[in-house]
Amino acid sequence: MTRFPAVDGLRAIAALAVVTAQVGLHTHAPLAGVVSRLDVGWAIFCAISGFLLYRPHVVAWFSATEPPLTLPYLRDRALRILPALLITVVLSIAFVPHPATTYLRWAVLTPLPFYLLLPGLGRLLTGYERPTRRSVRWRLLVLVALTVLGPVWMAAVTATDHPQASLWLPGYLGWFAVGMGLALWQVSRATGRLGPSALDTLTRVPGTLWGIAAALLLVSATPLAGPYDHSAPTPAQALLKSLLYTAVVACVLFPILTPSAKTVRVLGGRPAQIGARLSYGVVVYGFVVLGVMRGPFAVQLLVTLVGAVVLAAASYRLIERPVLRFGKKTATARTARSVTSPSSSPAR
């Protein structure tokens, strides 16, 4: 299985950005516009998930092999996500002074439904015909069209005064589609289905793309992209903010498809690997720590980060990793039994 080591660093950066943005929402943060827009970390997480989870479907399509099995995939996702999420919900109900339904709603309406949709979507976008250059380009166009769905959805739910609907999957699907499109492009280029283009040059100048991403983020930090708190934006502001985030994640993720040695050293080293392993826990436990904290921005940010890292590390070592290992051990044992069962033995 091909590994993309620079993804680790992006995960850690995305987690740091999300926690910082959440702290900024609860305090009078300096540079409030920039701090609030660091919630673009959510979009980066979505794009990374779309890239890594859809890519095996593309590889199977190109190699004419079976796509990933749905039940093992769903089991692995559940074992990775649910333990920390359930603990967070319980801790939030117990210690954070907000109604329990707030956390349950957050747990259900986050992008988790994408994981349920992916097996069917993966088959839909990799089936029915051979992976020719034409079929690849057609699917890339479909994924590009999906990236527009998120901004349009955000504008529509704002215009119709349904703010809770902004948490539903259509609002995030465009960010997942960015990662899926990059997965299809990367495998297509690696296997020769698509020829060289100007995009290949961009992978060799990561600083340029990341500079563009930073500039776009600064544009989103202006009032053009809406308020810096939970106040309702106008439909145009909601549309622009989602579009800018989509462009930001595309610029951030694209250079790691064929990273330079320096990029791998910085974003794929041991600290980045540890940060990536804990990133999910840092984000979800950060909500709990922040919920019981009071104080100025700098103090809350430091305490929230330290507390979230400690909880995430303990959770991963004591709960999440053992659960993952047990799941893999059980799956391996089940596979071994099916292979050695009489019904699967060759006839004599």
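Here's the list of aspartates and glutamates a cross-link from LYS329 could span, going by alpha-carbon distance under 17 Å and ignoring same-chain residues fewer than 8 apart: ASP76, GLU320. Shown is the FRET efficiency for ARG75 and TYR128, computed with R0 = 25 Å from the Cβ-Cβ distance and rounded to the nearest 0.05: 0.35.
In whole Å, what is the distance between the alpha-carbon centres of the range 144-176 and the range 181-244? Taking the Cα centre of the range 181-244 as reference, the centre of the range 144-176 is 16 Å away.
Highest GNM mean-square fluctuation among SER92, SER260, SER166, for the chain modelled with Cα contacts below 10 Å: SER260. Sorting 313-323, 278-288, 189-199 by their mean Cβ neighbour count within 10 Å, with the most densely packed peptide first, gives 278-288, 313-323, 189-199. A value for Rg and Dmax of the Cα atoms in Å was derived from the coordinates, and within the list (i) 19.9, 61; (ii) 18.3, 55; (iii) 21.1, 77 it appears as (iii). Note on the chain: GNM, Cα springs under 10 Å; of ARG11, ARG294, ARG334, the largest mean-square fluctuation is that of ARG334. Counting only protein chain heavy atoms and rolling a 1.4 Å probe, the accessible areas of ARG75, ARG55 rank, largest first, as ARG75, ARG55. Of ALA225, SER36, LEU116, which is farthest on the positive side of the dipole of the chain, counting Cα position, with +1 on Lys and Arg Cβ, -1 on Asp and Glu Cβ, and the Cα centre as origin? My answer, from the dipole projection, is LEU116. Taking the protein heavy atoms of the chain in the context of the full set of protein chains, the accessible area attributed to carbon and sulfur is 71 percent at 1.4 Å. Cross-link candidates for LYS262: which aspartates and glutamates have Cα within less than 18 Å, leaving aside residues fewer than 8 places away along the same chain? Candidates past the 8-residue exclusion: ASP8, ASP200. Screening the chain for DSSP H helices whose Cα atoms reach 15 Å or more along their own axis and whose mean Kyte hydropathy is at least 0.5 gives 6-26, 40-63, 70-95, 112-126, 133-159, 170-191, 206-220, 235-253, 270-291, 297-315.
The values are calculated or read from the model by the stated rules, or taken from the named source; none is laboratory data. Keep in mind the model is a prediction, meaning the values are calculated, not measured. Quick reminder, even Gly has a Cβ in these numbers, built from the backbone with ideal geometry, and neighbours come from all protein chains shown. Just the protein is used for accessible areas: all its heavy atoms, side chains included, with ligands, DNA and RNA removed. Shrake-Rupley method; radii C 1.70, N 1.55, O 1.52, S 1.80 Å.
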